Amino acid sequence: MTAADTQALLADLSARLGPDRVVVDPTQLIAYEVDGSFDRGHPDGVVFPRSVDEVVQVVRWAAAHHMPLIARGSGTGLAGGSVPEIGGLVVQLGLMNRVLELDLVGRSAVVEAGVVNLIFDNQVRRHGLFFPPDPSSQRTATIGGNIGTNAGGPHCFKYGVTSNYVTGLEVVLSDGRIVHTGGRALDVPAYDLTALFVGSEGTLGIITRADLRVLRDPPAVRTMLAAFDSVEHAGEAVSAIIARGLVPATMEMMDSSIVRIVEEYAHPGLPLDAGAILIIEVDGYPESVGPQIAEIEAMLRECNVREIRIAQSAAERDRIWFARKSAAGAMARLAPAYYLVDGTVPRSKLAETLATVNRIIEADGFRTGHVFHAGDGNLHPLILIDDPSDRALIARILETGRKILAACVAAGGSITGEHGVGIEKRAFMSLMYGPTELLLMWDVKEIFDPVGIMNPGKVLPPREEIVASADSAHPTAAAPAVRVATAAETSSAAPPVAVPGSPEEAAETLRAFTNAGKSVRIRGGGTKSALLPPADAVLSTEGLSDICALAPEDLYVTVGAGMRLEDLQAVLRNHRMWAPLASPWSAATIGGIIATNANAPLRMRYGGIRDMLLAATIALPDGRVARIGRPVVKNVAGYDLHKVHVGAYGTLGLLCDVTLKLAPLPRARVTVVAMPRRIAQALDIGTSLTQQSLIASAVLALEIADGGSWLSVLPVALERRPTTLLVYTAEGLAEDVTAELAAVRAALRSADIPAVQIDAPSGSDLWGAFIGAAQPDDLLVRIGVAPKDIRAFMQRAGFGGKESYLVDLAAGQVYVRAPALHPDDAGRTLDRLRTAARTLNGYAVVLAAPAHARLDRWGYAPDALDRMQELRRRWGAGGLLNPGAFIV
């Protein structure tokens, strides 16, 4: 296409949208040639849509003319993600900057992609809430940009990254189609496409709107600065804090070089003789932050600390943070530019990795200083650049960056923790992933952007290069398929069962079955198999049940998918750790819980299963084995393929082993069991308490119609045999638990609701007992709506007196158990519940049903179902893997 042709096309687009909405003037386009990286491109034009409908117009126009589209927020990215490398049209989303809804009841918001992070955070803070992702570019970075790079920030250690706060997206695909992934109704029955789009850097579609979670703003904060002789001593202190079961809001580290540079620049009063300093901040209730700081101070004095300064006022706290935030400006004083490297390692590897990084930089002849997020192992060497116009110098510096990132990968980390891949690290993706993983990512790219116009050339190396590298690699001998006991050998009509002992054996066994045209049922503990149709063969994960790696100091465990949850928890308790998961069944396996996305109420405290999953090894039915992710919280290298397996019911591959984020065992866990007079009162009080919760792990309302024999799990004699219960569990530090439950009891007293306080069971335990009490002929249904719509659903559902139900108020989920129904009655009950849920943009799925009931288990039609089906066709042997297990 000639330049004249391009200008004619852009004139056509300008006529459609208006002349003020399309920029083609070369002078104005200069600002859109770059972002915060060293990369540069030359856009053909810039368009400023105001609505999703206008984005659709732009995308359809671009698809018709094969014009590349580069979505852009504020241009603060540091990896070239929004640079128009091969020209094309920049889609500037800054005019789509409205907060469309702020739901204080459900602690959620609907925002357009152009909303600035800090403006949104300030808005929700006025209501006592906050948005945890806080990248350094927070003042100007947009939510859409944060989502595109899965941005982090200093608070990620305790609160997680952007993906932990995105529950749904509105996306315009490359054919101009609008799709909605996820939503404010949690755990919708569909592949988790939200997890794929977050961190995809605009390569799969243009994100126009997001459903976000927000949290209660902690009422108290304390900050300290600690000086050490060396980075090693500071790193040991970080490990000691974690080992004691404390989780500070932030732990930031600065090495001696950056300390001196910042002190000379901003004069914040840093100790110049320190080898490293730590900035530690804790939050919680006022009753808690003082003891937390005192305990940390005592630990630091056992870890060779040289000096401790505890902020006694807001001004002193600001002075400490001013020092940390002055690093970039201080470096600019020494050289006209600097290169900010972004790599992540397990936090216990920080000191040794930093030593390696320093050797690399010194050998290459550069000057540097280090600031990094010590809590999550995110390194940020700042390499000074004396002449940014010297392209040879820039090439040398980028090569130094490659060596640094290779060292991070060698230490078990990632080539990018929060900046993304973009152009800068595209060639480095092969440091982390082989051809199998990269070609799987290309599958995703081709499925969602078949015409190749969405930010082309970013994130992934060219497909032909990957294929060539795979062809040139020395082939490894395939593991033999596991010998399978046949029906003839076992004198049984049951299908043959294979029990592989490794991912490679599992992949070869799947290939042998599917190449023969046999369907394969994946079986873990068998706790969720009752509704599944038979298959030609069974693959059991019983042989994949070992702990592969346990790193309490780094807060992760890698475990075989066939290991039972209760066995894993028993091992972790010896290290005062746990995986924040729960199941109604003692036989439940880790793989089964992840594959079915079986979230317990404790999600409100720790995040969902998707948030816990850091990495996975997956056996594919074509014989390949993919290893995706890393044992670090911050990793934005490529697409999060492992997370799309959460809730995929084993239809996309076999989870062989998984790496889970761990949490220290809570020092206190206390439950209040209240007895409201009616369910409406339980819902009202429970909703109010949920809005005020800070450390709650469950807020449940229960209506018991079956006598409640399962309530024998409670160790207390209730004043009467209740039909209605309100259950509130808080867990964490003892001071926080005491403060939170004091407010809960006060609210219950003011409403004249009797209550008792117990140490066990927890709300999640009661959730498990309720589900586990279902009998073979019971109908058990899970309904999901936005939490704000729970009351409306209860009114529309028209419950009678025979159904028991449990309401997870924070998650917006209702579990309904109708006992011993005739199959026809089961169908009518399901239709009633499903109709009520659909009117509120929710869903209702069947968890258990009478044996002869013919029910549509899912009753849901997700957006982008055709794209999900294509994923399954490519990865799930055309439907032979776990047939009938899921909606796709």
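The values are calculated or read from the model by the stated rules, or taken from the named source; none is laboratory data. On a predicted model such as this, the values are computed, not experimentally measured, just so you know. Backbone-built Cβ (ideal geometry, glycine too); neighbour counts: all protein chains shown. Surface areas here come from the heavy atoms of the whole protein model, side chains and all, with no ligands, DNA or RNA. Shrake-Rupley method; radii C 1.70, N 1.55, O 1.52, S 1.80 Å.
Structural remarks
- Formal net charge of residues neighbouring LEU532 (Cβ-Cβ distance under 14 Å; K, R +1; D, E -1): +3
- Shape call, segment 282-332: gyration tensor on alpha carbons, a/c limit 1.5: oblate
- Ordering of 78-91, 15-28, 61-74 by packing is 78-91, 61-74, 15-28, highest average first (other Cβ atoms within 10 Å, averaged per residue).
- Summing Cβ point charges (Lys, Arg +1; Asp, Glu -1) relative to the Cα centre of the chain gives a dipole of roughly 1700 debye.
- Of all accessible heavy-atom area on the chain, the percent that carbon and sulfur account for (1.4 Å): 51 percent
- Segment 871-888 and segment 295-314 have Cα centres separated by 55 Å.
- Whether segment 155-282 is rounded, prolate or oblate, judged on the alpha carbon gyration tensor where a/c under 1.5 counts as rounded: prolate
- Listed residues TYR815, TYR649 arranged by accessible area, highest first, probe 1.4 Å: TYR649, TYR815
- Across segment 595-606, coupling constants 3J(HN,Hα) worked out from phi with the 6.51/-1.76/1.60 Karplus curve, θ = phi - 60°, read 5, 9, 6, 7, 7, 8, x, 5, 3, 5, 9, 10 Hz, and Gly and Pro carry x.
- Full extension of the chain between ARG749 and ALA335 gives 142.7 nm of extra length, using 0.36 nm per residue less the Cα-Cα distance.
- Of the trypsin sites (Lys or Arg not before Pro) found in segment 650-723, the ones in coil according to DSSP and having at most 11 other Cβ atoms within 10 Å of their Cβ are ARG678, ARG720.
- About the centre of its Cα atoms, segment 119-201 shows a dipole size close to 340 debye [charges on the beta carbon of Lys, Arg (+1) and Asp, Glu (-1) only; nearest 20 debye].
- Of the whole protein surface, THR835 contributes about 80 Å² of accessible area at a 1.4 Å probe radius.
- For a straight C-alpha distance cut-off of 13 angstrom, the aspartates and glutamates reachable from LYS445 (same-chain residues fewer than eight places away being disregarded) are GLU201, GLU437, ASP640, GLU870.
- Diffusion coefficient, µm² s⁻¹, Stokes-Einstein with Kirkwood Rh over alpha-carbon pairs of segment 24-117 at 25 °C and 0.890 mPa s: 172 µm²/s
- Value of Rg/Rh across the chain [Cα atoms, Kirkwood radius]: 0.96
- Note on the chain: helix-only mean residue ellipticity at 222 nm, from DSSP H runs of 4+ residues weighted -39500 (n - 2.57) and normalised by residue number, equals -10000 deg cm²/dmol.
- Sparsely packed loop sites in segment 331-369 (the trypsin sites (Lys or Arg not before Pro) outside DSSP H, G, I, E and B with at most 14 other Cβ atoms within 10 Å) do not occur.
- Loop sites in segment 144-185: trypsin sites (Lys or Arg not before Pro), DSSP, at most 16 other Cβ within 10 Å: ARG177
- Ignoring aspartates and glutamates fewer than eight residues from LYS325 along the same chain, the ones with Cα atoms less than 19 angstrom from its Cα are ASP121, ASP134, GLU252, ASP255, GLU263, GLU264, GLU281, GLU316, ASP342, ASP376, GLU418.
- Of all lysines in the structure, those lying under 23 Å Cα to Cα from LYS661, and not within fewer than 8 positions of it along the same chain, are LYS158, LYS349, LYS634, LYS643.
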